[in-house]
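Peer 1: Pasting in a structure now, in structure tokens, and then I'll have a few things to ask.
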Ligand SMILES: C[S@@+](CC[C@H](N)C(=O)[O-])C[C@H]1O[C@@H](n2cnc3c(N)ncnc32)[C@H](O)[C@@H]1O
């Protein structure tokens, strides 16, 4: 069975734009056409195979950074975690008691390479058909190549599309999903509105997002940075820089002012508060809003710090000194699971349209 990793290593010809192709592109699968109110056109093809479609005459002005375009391969390899996201889907459904329609029609917002949403949903919901959407043709073309390689082109269609847009048919989908998309949007409420609009009445949306409980990690990192100075025991310079950046980044994304130029320049823009995301979801027509904290474990903060270091640097050989791990341990010891659920780092939003 081909994996997304395998396809990446082979660098498929998928990234060539449609203009470079000579063959007549294949048609959109028949089931997908009625799911759009806007016309679709081929976007990325490999020979006669259209790997990614786009919205014709799209007026979206949303932009994404190079980490999702020129550096898409590196991004995919750093963040791919299908099994982890499959567990989160299961956990969100089990804890809320929500059930998804048989053979659901799924709209996935901000799919990237699809590894964390489309791939788990193909496993979890047999017979599902998915529309995978993203602004990055580069990331979507990896998914398109994977679908072709695994004979799954009838199960999912990739469309370059702004998550804040209204190009899909209203009331057409059983399930909307999104792994780490809303916090990238300048107007997350517009993304939630697009999800609510796309769903059938009684349909569900599931989003995985970061929350303002990351303020605890900020406090721990500030303590580690000052302890290094007090001890005269400097951290590895790269570790020091990453922790310093985390402190700045967490502050900038906590209750940000979306009208500022600084906010617009941020790639990851939000660490949501329960109140803000709940109010936004209610405003756009979700009648049931449940937030499931992803992790309340006894070692949560000790677990997350090395993960954040790895994700920021791509390196696994940057350990924190024992005294720094002891600081994280003291945060873990001071804050019980009930607190970690209240001030969650990451959470699963399970929303139902009335
Ligand atoms: C953190 S990544 C998550 C990707 C994927 N869901 C995953 O878990 O690997 C955020 C994704 O959102 C996409 N994105 C950012 N702004 C967008 C927008 N306005 N519309 C659609 N996609 C967007 C980026 O291109 C990127 O692929």
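The values are calculated or read from the model by the stated rules, or taken from the named source; none is laboratory data. Predicted model, so just to flag it, every value in this text is computed and none were measured. All Cβ positions, glycine included, derive from the backbone under ideal geometry; neighbour counts span all protein chains shown.
Peer 1: So in the stretch 47-67, with the set limited to residues that are in contact with a helix residue (DSSP H, G or I) (Cβ under 6 Å, 6 or more places away or on another chain) and at pLDDT 95 or above, which one is nearest to residue 158 (Cα to Cα)?
Peer 2: Ranking the qualifying residues of the stretch 47-67, first place goes to 52.
Peer 1: Say whether the condition of being over 13 Å from residue 216 (Cα atoms), outside the structural domain of residue 176 (by TED's automatic domain parsing), within 16 Å of the ligand (Cβ to nearest atom) and surrounded by fewer than 13 Cβ atoms within 10 Å (Cβ to Cβ) is met by at least one residue in the stretch 319-338.
Peer 2: Within the stretch 319-338, not a single residue is over 13 Å from residue 216 (Cα atoms), outside the structural domain of residue 176 (by TED's automatic domain parsing), within 16 Å of the ligand (Cβ to nearest atom) and surrounded by fewer than 13 Cβ atoms within 10 Å (Cβ to Cβ).
Peer 1: If you check residue 278 against the conditions, is it touching a strand residue (DSSP E or B) at 6+ places or on another chain (Cβ under 9 Å) and in contact (Cβ under 8 Å) with a residue 24 or more places away in the chain?
Peer 2: Here the answer is no, as residue 278 does not meet what is asked.
The rows are residues; the columns are (1) under 18 Å from the mean Cα position of the chain (by Cα); (2) within 27 Å of residue 82 (Cα to Cα); (3) not in a helix (DSSP H, G or I).
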| residue | (1), (2), (3) |
| --- | --- |
| 165 | yes, yes, yes |
| 175 | yes, yes, yes |
| 190 | yes, yes, no |
| 203 | no, yes, yes |
| 207 | yes, yes, yes |
| 226 | no, no, no |
| 233 | no, no, yes |
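Peer 1: Could you run through the stretch 111-131 and say how many residues are under 16 Å from residue 52 (Cα atoms) and either out of contact with any helix residue (DSSP H, G or I) (no Cβ under 8 Å at 6 or more places or on another chain) or assigned to a loop (DSSP other than H, G, I, E, B) (or both)?
Peer 2: Summing the residues that are under 16 Å from residue 52 (Cα atoms) and either out of contact with any helix residue (DSSP H, G or I) (no Cβ under 8 Å at 6 or more places or on another chain) or assigned to a loop (DSSP other than H, G, I, E, B) (or both) in the stretch 111-131 gives 6.
Peer 1: Right, here's the next one. For the stretch 162-186, which residues satisfy the criterion of being touching a strand residue (DSSP E or B) at 6+ places or on another chain (Cβ under 8 Å), within 13 Å of the ligand (Cβ to nearest atom) and under 20 Å from residue 200 (Cα atoms)?
Peer 2: Scanning the stretch 162-186 gives 163, 165, 167, 168, 176, 177, 178.
Peer 1: Please state which of the following conditions residue 87 fails to meet, knowing it meets all the rest: (1) touching a residue at least 12 places away in the same chain (Cβ under 8 Å); (2) more than 10 Å from the ligand (Cβ to nearest atom); (3) not in a loop (DSSP other than H, G, I, E, B).
Peer 2: (1)
Peer 1: Of the numbered conditions (1) exposed (fewer than 15 other Cβ atoms within 10 Å of the Cβ); (2) more than 14 Å from the ligand (Cβ to nearest atom), residue 149 fails exactly one; give the number of that condition.
Peer 2: In the conditions (1) exposed (fewer than 15 other Cβ atoms within 10 Å of the Cβ); (2) more than 14 Å from the ligand (Cβ to nearest atom), residue 149 misses (1) alone.
Peer 1: Just checking, how many residues over the stretch 290-331 are within 25 Å of the chain's Cα centre (by Cα) and outside any helix (DSSP H, G or I)?
Peer 2: Of the stretch 290-331, the ones within 25 Å of the chain's Cα centre (by Cα) are 290-297, 299-316.
This time we only want the ones that are outside any helix (DSSP H, G or I), so: 290-297, 299, 314-316.
Here the count works out to 12.
Peer 1: Scan the stretch 92-118 residue by residue and report those that are more than 10 Å from the ligand (Cβ to nearest atom) and within 24 Å of residue 74 (Cα to Cα). Steps first, please.
Peer 2: As a first pass, look at the stretch 92-118 and keep what is more than 10 Å from the ligand (Cβ to nearest atom): 92-107.
Listed by number, the list is empty, since nothing qualifies.
Peer 1: Only residues that are in contact with a strand residue (DSSP E or B) (Cβ under 8 Å, 6 or more places away or on another chain) and loosely packed, with under 14 Cβ neighbours inside 10 Å: list them for the stretch 281-318, please. Spell out how you get there, then give the answer.
Peer 2: Filtering the stretch 281-318 down to residues in contact with a strand residue (DSSP E or B) (Cβ under 8 Å, 6 or more places away or on another chain) leaves 281-282, 285-295.
Hit for the stretch 281-318 is 287, nothing else.
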